[in-house]
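Engineer: Attaching a single structure in structure tokens format; questions to follow.
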Amino acid sequence: MENEQTSCSYFIRNIAHLMANMQDRCLTHYGLSNQQARIIMYLAKHNIRGQKNIKRKDLEQYLNLRGSSVTSLMNGLEKNGFLERKQSEKDARRNELTLTEKSKELVKQMDLIFEATDNQLQEGMSEEEKMTFRLLLGIAHNNINV
């Protein structure tokens, strides 16, 4: 039987916690949490493709959060000037989510923050080890994401 401190889930939980804390420390300067930054990055990716009509359900799945939590995060982003919600001209039942200029300026900074975290995670690994690590993480993710 595996020792709790050598199990895969132990390492994954702790790595996720440490990465989120590291990113939160960097994002605090902007008044953002890690989850809010992930929403901005998700919207930036979709807005570039011309998709402004993002469903809250999509964000719930992406963040793995309940609807009320996503709504709370989006309310905070809107209140702090990072996000605008407008009623869709095509469908009055839907809102279009648009990033403000303030958040567009931060997207490049957040890319750097997320990249630095990723680099620190893989520090000391050879290129082959990095490829194997990403492959194994992908397999593990697919096994859990049922």
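Nothing in this text is a laboratory measurement; each read-out follows from the coordinates by a stated rule. Everything numeric in this text was worked out from a predicted model, so none of it was measured. Every residue, glycine among them, receives a Cβ derived from its backbone with ideal geometry; neighbour counts consider all protein chains shown.
Engineer: Exposed loop sites here are trypsin sites (Lys or Arg not before Pro) in DSSP loop states with at most 11 other C-beta atoms within 10 Å. What is the longest stretch of the chain lacking them?
Structural biologist: Working: sites that count: ARG49, LYS55, ARG66, LYS90, ARG93.
Here the longest run is 94-146.
Engineer: State the answer as a single residue: which of ASN119, ALA20, ASN80 lies farthest towards the positive end of the charge dipole of the chain, with beta carbon charges of +1 for Lys and Arg and -1 for Asp and Glu, about the Cα centre.
Structural biologist: Positive-most Cα among the choices belongs to ASN80.
Engineer: Using 0.36 nm per residue of separation minus the Cα-Cα distance, give me the extension gain between ASN119 and ARG85 in nm, one decimal.
Structural biologist: Working: separation 34, 0.36 × 34 = 12.24 nm, distance 3.43 nm.
Net length gain for the segment: 8.8 nm.
Engineer: Using a simple charge model, +1 on the beta-carbon of Lys and Arg, -1 on the beta-carbon of Asp and Glu, nothing else, what dipole does the stretch 61-134 show about its Cα centre, in debye to the nearest 20? Don't skip to the end; give the middle numbers.
Structural biologist: Values: 12 positive and 14 negative charges, 132 e Å.
Rounded to the nearest 20 debye, it is 640 debye.
Engineer: Right, something else. For the chain, what's the radius of gyration and Dmax over Cα atoms, in angstrom?
Structural biologist: Considering the chain through its Cα atoms, Rg and Dmax are 17.6, 59 Å.
Engineer: Further, regarding this structure: Treat every Asp and Glu Cβ in the stretch 4-117 as -1 and every Lys and Arg Cβ as +1, leave all other atoms uncharged, and give the resulting dipole magnitude about the Cα centre to the nearest 20 debye. List each step's numbers first, then the result.
Structural biologist: Working: 19 positive and 13 negative charges, 85 e Å.
Roughly 400 debye for the stretch 4-117.
Engineer: List every residue whose amide H lies under 5 Å from the amide H of LEU83, counting only residues 5 or more places away in sequence or on a different chain, with H placed 1.01 Å from N in the peptide plane.
Structural biologist: Under 5 Å from the amide H of LEU83: GLU78, THR100.
Engineer: By how many degrees, 0 to 90 and rounded to 10, does the Cα axis of helix 101-121 deviate from the longest principal axis of the chain?
Structural biologist: 10 degrees
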